[in-house]
1. Under a point-charge model restricted to the Cβ atoms of Lys and Arg (+1) and Asp and Glu (-1), what is the dipole moment magnitude of the chain relative to its Cα centre, in debye to the nearest 20?
2. Would you be so kind as to identify which of Y6, G59, L25 lies farthest towards the positive end of the dipole of the stretch 4-77, taking Lys and Arg as +1 and Asp and Glu as -1 on Cβ and the Cα centre as origin?
3. Cross-link list K369/K419; K49/K357; K126/K177; K37/K66: which exceed 20 angstrom alpha carbon to alpha carbon?
4. With point charges of +1 on the Cβ of Lys and Arg and -1 on the Cβ of Asp and Glu, referenced to the Cα centre of the chain, which listed residue (A154, I437, G375) lies farthest in the positive direction of the dipole?
5. Which is the longest part of the chain that has none of the GluC sites (Glu not before Pro) sitting in a DSSP loop with at most 12 other Cβ atoms within 10 Å?
6. To the nearest 10 degrees, how steeply does helix 262-274 sit against the main Cα axis of the chain, on a 0 to 90 scale?
7. Which of [x] 1.06; [y] 1.67; [z] 1.50 is the computed Cα Rg over 2.2 N^0.38 Å for the structure on display?
8. Going by a ≥ b ≥ c, the root eigenvalues of the Cα gyration tensor, does the stretch 122-259 fall in the rounded group (a/c under 1.5), the prolate group (a/b larger than b/c) or the oblate group?
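We did not get these values from a lab; they are worked out from the coordinates using the rules stated. Computed from a predicted model, the values in this text were never measured in an experiment. Note that we place each Cβ from the backbone using ideal geometry, even for glycine, and neighbour counts take in every protein chain shown.
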Amino acid sequence: MNYKDYFDRVVIISLKRRQDRRRRLEKLIKSCRWPFKQPEWFDAIEGSKIPSTHGFFSGGGALGCKLSWCRVLEDAMNDDLNSILVLEDDCIWRNDFVDQIDDFLRKIPADWEAMFLGGQNMKTPKKITDGVSRSTNTQRTHAIGLQREGIHKAYSCIKESQRHIDHMLGPATGKWKRAYQPEPFLIGQDACKSDISGRADHSRFWTAPQTGYPVCWLRCSMEVVDSLSEYGFHRGFDREVSGRDRGLINCFPSSGQYKGGIQKFLSHVSWEAASFLDDVGIVTLWDTNATAECSDALKGDLPERTFIAEFKTKEEGLELLSKKFGEKLVRIREDQKLMPVILCQSPANVVSALRAKGLVHFGNWLDRKTGIDKGLVHFFDVYQGSNLLGWFAALDSEARENNIPVGVWHPKATVEMCKTTGRDVVVVDTMSPEEAISQIEEIVG
């Protein structure tokens, strides 16, 4: 079925300065046989630059979201549109999106007023048929279709909102009785730093976990468990620099001691694992204090299906885990794939071009004369470049916020040194900024 005319307009709301998000989404659209009209970019309003309206109390980012949505819907009404699909630039969808959206649009009632292709259910939706439910309170505004009176109703609701618009729109559309959603959601939110909250968020599809989801207790080093995240072993996103998930700190106050409370962690992480981009992840318990001495205390709190694995290296772990999880470990999961380290052996103008494009994170604490990261300079001066992992870990947490790799630019840096991070190494040695940009864009998408 041809859906090019299903929506009169498709709009993507995006801050003009977030070119990284636009590049990512443009590549995603081209790669998936996009079924609808070519999207139009709407330059989002910077709420921090606009005086807050009386009574609005959710901050500049949320205000910008509200004002942008109002403008998009005003344009739709002025142009007498019958329908519109509004996306936000952090949206992402799975590889089978085209087939899934075809199935959903064939089943949704023709008189729909709103459709949430993605969102977060604050109340359980009511099933209409296989794959289609009626929304009762669906929040998040990253993928909403509106038709006929739904455009006018949504505008009235959003225009009067004095807080995050999804907090108002979700309950309101639930009362319309003609707001629907696919089960499960087809569009999620990509890992990025939120322009509203300022937090570094992870990929989210807000998918409920199935009963009997797999649980694995891994006993290995932080470096090894980090490498296994590529294969879907998920131990939580809310981590300290030490690698510990904050939800486990009170559970394991000291090495070998368990004080209870693991069920809350498992419930939270199971939702995250169920919402992976390409397949369901494996709920993983890992903590430096969760040693074998905790086994007896944990017996009553961990599901009986929990698989316990202890090993020292990634290779040893994959061999052991593949016997338990089989094909789930065959392919690396793209949404969890670790970025390589970029060893840049090009001149300063190439590094400046990569920085200006926001494609590589070379650090923010720069020497004014050389442009080299001061932390890297200190590392080579004091530690003679023996192991880059400590320096790299700090920059990697910042780079992940924008889905870009860490760059090493120093005259003494070598491939061997970069490999001490545990990541693949990509060398950029061109004299041309354009060639370097093209090379990195292939990596970051």
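1. Numbers: 60 positive and 62 negative charges, 192 e Å.
Around 920 debye, computed over the chain.
2. L25
3. Details: K369/K419 28 Å; K49/K357 23 Å; K126/K177 10 Å; K37/K66 24 Å.
Pairs exceeding the cut-off: K369/K419; K49/K357; K37/K66.
4. A154
5. Values: sites that count: E160, E240, E304.
With GluC sites (Glu not before Pro) excluded where exposed in loops, the chain gives 1-159 as its longest stretch.
6. The two axes meet at around 70 degrees.
7. Working out Cα Rg over 2.2 N^0.38 Å from the coordinates points to [x].
8. Working: a/c = 2.70, a/b = 2.02, b/c = 1.33.
Since a/c reaches 1.5 and a/b is larger than b/c, the shape of the stretch 122-259 is classed as prolate.
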